[in-house]
Ligand code: DGL
């Protein structure tokens with residue numbers, strides 16, 4: 001398939017995780033063309049070193065740059081938290097948007113003016129009980145958990161919100177292999193959330209996790225609110241095109257999925273996960289086939 005220059009948005013992740021962001025971006029911009037790259041050869045990113053992840057990112061971005069992508073969404077918290085300043089510096093002519101485990105929306109949404117004196121209430125057995133801080137659990141890949149980005153964010157907010165962090169690379173693997181009914185996987189989820197039954201917010205700090213939300217919901221308190229950074233990434237992508245007057249209206253828009261390990265089973269999984277009534281979807285193994 002041949003694209004005219006600057007007539008598609010690039011999106012990538014280590015696998016199918018970023019499809020959650022492809023979907024939220026399609027909702028905002030249904031007539032754009034998309035190239036979705038799933039880097040299955042390097043899957044998973046989350047257990048690699050920050051240096052290795054950064055080098056992979058530079059390589060993928062150079063492919064999108066060669067194809068004249070009008071912007072690229074890094075639909076991956078692990079990649080985005082590795083070295084976003086270097087990515088932006090290396091490709092100055094291409095708008096690059098990251099996906100981050102940004103929980104500051106909690107405060108914007110509830111309109112809470114937060115200070116050290118903010119008081120929250122809980123209902124225990126129907127009785128209103130005073131508590132001092134909201135509790136937030138962030139789950140992410142090992143690399144994101146270790147990232148400077150997350151360390152800084154937590155440092156900034158630790159006085160006003162109780163933050164707990166857990167690596168959960170096992171969810172990435174289960175989502176990628178579509179193995180969510182598996183007994184061991186469900187056991188691991190139950191073990192992960194056992195001591196976090198009283199949290200107010202659960203941040204899904206990896207784009208693979210929303211695909212497992214139905215299963216995660218079984219093991220958390222029904223009052224716990226789930227948040228992700230995906231919608232913010234899509235909104236930033238939309239906003240950039242709006243401000244730069246770079247929108248395209250394609251009456252027959254395309255999604256080209258490039259996945260090094262594409263096969264019948266994977267195609268069926270993509271077709272199940274991608275939510276679009278308007279796009280023609282085609283599959284490729286490498287960037288060279290585009
Ligand atoms: N989906 C990715 C993220 O948001 C990476 C998962 C992985 O490859 O470990 O972090």
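Values quoted throughout were computed directly from the atomic coordinates according to the rules given, and no laboratory measurement underlies them. These figures come from a predicted structure and were not determined experimentally. Cβ sites come from the backbone with ideal geometry, for glycine too, and all protein chains shown count toward neighbours.
Within the group 10, 17, which residue is touching a residue at least 24 places away in the same chain (Cβ under 8 Å) and in contact with a strand residue (DSSP E or B) (Cβ under 6 Å, 6 or more places away or on another chain)?
One residue alone meets the criteria, 10.
Please determine whether any residue of the range 211-221 is surrounded by 14 or more Cβ atoms within 10 Å (Cβ to Cβ) and closer than 30 Å to residue 7 by Cβ.
Checked the range 211-221: at least one residue is surrounded by 14 or more Cβ atoms within 10 Å (Cβ to Cβ) and closer than 30 Å to residue 7 by Cβ.
Can you name the condition, by its number, that residue 242 falls short on among (1) within 16 Å of the ligand (Cβ to nearest atom); (2) outside any loop (DSSP other than H, G, I, E, B)?
(1)
Filter the range 205-238 down to residues that are part of a loop (DSSP other than H, G, I, E, B) and within 21 Å of residue 178 (Cβ to Cβ), then give me how many there are.
3
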